[in-house]
Amino acid sequence: MRKNAINVVLGVFVAVAFGLAGCGGDGGFTPSTKTANVVGTWKTGTLTITIASNGSYTTVDNVNGVNVTGTYTTNGNQLILNDTGGTGSCTGNQATGTYTYTVAGGGTTFALTKISDSCTNREKALNGLTFILVTSDGGNVTNAEVFMLRMNNNPDVNGTPDYKYFVESYIDDPNHVISSASLTGMGNTSAYAYNSSTKKWWDDSGSRYSTKSPVFPMNYTIFITYKDGHNSTLARTVSSWSIAQ
């Protein structure tokens with residue numbers, strides 16, 4: 001059953017800077033418009049970039065340990081990057097750089113091309129390079145939901161409404177980087193199945209927890225295994241119900 005689950009829109013990738021420190025200024029920046037296909041952990045050479053859906057990013061050079069944190073916004077296919085901290089960050093009038101981005105390979109690669117950037121080391125780290133997707137949302141999926149629906153069945157023989165409540169769950173996986181997932185809660189464990197049309201994993205079996213008298217809160221745990229072999233665990237709590245459409 002596919003109901004009105006909330007579709008959490010993910011943000012766009014922002015690249016990281018390996019910049020020149022000590023250039024003064026506050027580097028203030030507010031993320032705004034985002035697109036949905038580049039949040040995750042990406043890698044090229046020794047550089048690993050983790051992009052969060054809240055408009056922030058972190059990067060680490062796996063050889064020398066240099067790291068950068070920052071925020072981003074977009075304008076069409078342009079990425080505006082702003083360093084806010086880290087041992088390799090740029091500051092002052094070098095804190096912000098603008099690039100065009102191109103996503104390819106079904107969302108598994110992207111490339112950046114400089115429009116303007118006075119941060120020399122960031123330009124060297126990003127301009128013209130192709131990054132490979134490691135995991136969506138850095139293996140920390142935030143757009144996974146567990147929710148309760150009420151089915152309005154026909155009244156019983158006494159005319160009393162025969163309401164039934166059940167739980168469903170989904171995980172967004174637009175780049176199909178998850179290999180399997182399961183949902184545990186209320187004494188049940190069941191597997192998710194991937195729907196290639198909606199690009200979501202849906203739980204459609206025992207963990208629905210069909211009942212006529214729901215008691216809240218209901219605590220659930222989502223276990224995710226990614227194609228690269230690592231795992232993540234998400235906790236979700238159901239505190240109310242909605243009418244099934």
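The values are calculated or read from the model by the stated rules, or taken from the named source; none is laboratory data. Keep in mind the model is a prediction, meaning the values are calculated, not measured. Cβ sites come from the backbone with ideal geometry, for glycine too, and all protein chains shown count toward neighbours.
Points to keep in mind about this one:
- Boolean, Y72 is at pLDDT 75 or above and either in a loop (DSSP other than H, G, I, E, B) or over 30 Å from W202 (Cα atoms) (or both): yes
- Within segment 163-179, the set of residues being surrounded by fewer than 18 Cβ atoms within 10 Å (Cβ to Cβ), under 18 Å from the mean Cα position of the chain (by Cα) and charged (D, E, K, R) is empty.
Conditions (1) among the polar types (S, T, N, Q); (2) modelled with pLDDT under 90; (3) within 30 Å of K199 (Cα to Cα), marked per residue:
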residue	(1), (2), (3)
N62	yes, yes, no
G65	no, yes, no
D83	no, no, no
A95	no, no, no
G107	no, yes, yes
K114	no, no, no
N121	yes, yes, no
S136	yes, yes, yes
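- Segment 75-98, residues that are crowded, with 19+ Cβ neighbours inside 10 Å, β-branched (V, I, T) and within 21 Å of G128 (Cβ to Cβ): I80, T96
- Segment 217-241, residues that are over 24 Å from G40 (Cβ atoms) and aliphatic (A, V, I, L, M): M218, V238
- All of S182, S232 fail the test of being in contact with a helix residue (DSSP H, G or I) (Cβ under 7 Å, 6 or more places away or on another chain) and either over 16 Å from F147 (Cβ atoms) or surrounded by 15 or more Cβ atoms within 10 Å (Cβ to Cβ) (or both), apart from S232.
- First in segment 157-172 and in contact (Cβ under 8 Å) with a residue 40 or more places away in the chain, second anywhere and of a type in the set (A, V, I, L, M) and part of a loop (DSSP other than H, G, I, E, B), Cβ under 6 Å, 6 or more apart: Y170/A5
- Number of positions in segment 42-73 that are farther than 20 Å from T91 by Cβ, surrounded by 19 or more Cβ atoms within 10 Å (Cβ to Cβ) and of a type in the set (V, I, T): 3
- Flag if Y220 is assigned to a strand (DSSP E or B) and either among the basic types (K, R) or buried (at least 17 other Cβ atoms within 10 Å of the Cβ) (or both): yes
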